[in-house]
Amino acid sequence: MKKTWLAIAPAIVAIILSSCGNNNAPAEHPPVAAAKPAAPTGEDVYKRTCVACHQANGEGMPNTYPPLAKSDYLSDKAKVIKQVLKGSSGEITVNGKTYNNTMPPQQLSDEEMASVLTYVYSNFGNSGGTITPEEVKAARAAL
């Protein structure tokens, strides 16, 4: 019996060591790097930050929050960028109607702000247009 034990002991030790993760054999499948999450689209940012007040259709809330849909207020891009960056309170006139409420400054990156404003300018019956991160950055620097 002692001879049998001595004969199989090295095999048992080898099995134990290889099962403990000390195996230097190459992995069958190399690890896959995690994909970088895609930047949020303008629509994503709108749904996250704007929809509660301006609504999914961009029509706002009557007598409370102004519409973004077919909005004459969007004619001055610099003013729009500044308002989103800085927020506002008090009266504004949109499409001939006066609104008196508060909009908090939006905590968005230059890229997110450009993306959401381009989304607004390109949807809700607006005439289109693009806001670039560089325009947002310049407006932010001027505040």
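No value in this document is a laboratory result; all are computed from the given coordinates. These numbers were taken from a predicted model, which means no experiment stands behind them. FYI the Cβ positions are ideal-geometry reconstructions off the backbone, even for glycines, and counts take in every protein chain you see.
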- request: Take segment 41-81 and flag every residue that is within 16 Å of Gln107 (Cα to Cα) and buried (at least 18 other Cβ atoms within 10 Å of the Cβ).
  value: Gly42, Val45, Tyr46, Thr49, Cys50, Val80, Ile81
statement: Gly90 vs (1) surrounded by fewer than 16 Cβ atoms within 10 Å (Cβ to Cβ); (2) touching a residue at least 24 places away in the same chain (Cβ under 8 Å); (3) on the phi > 0 side of the Ramachandran plot: all pass except (2)
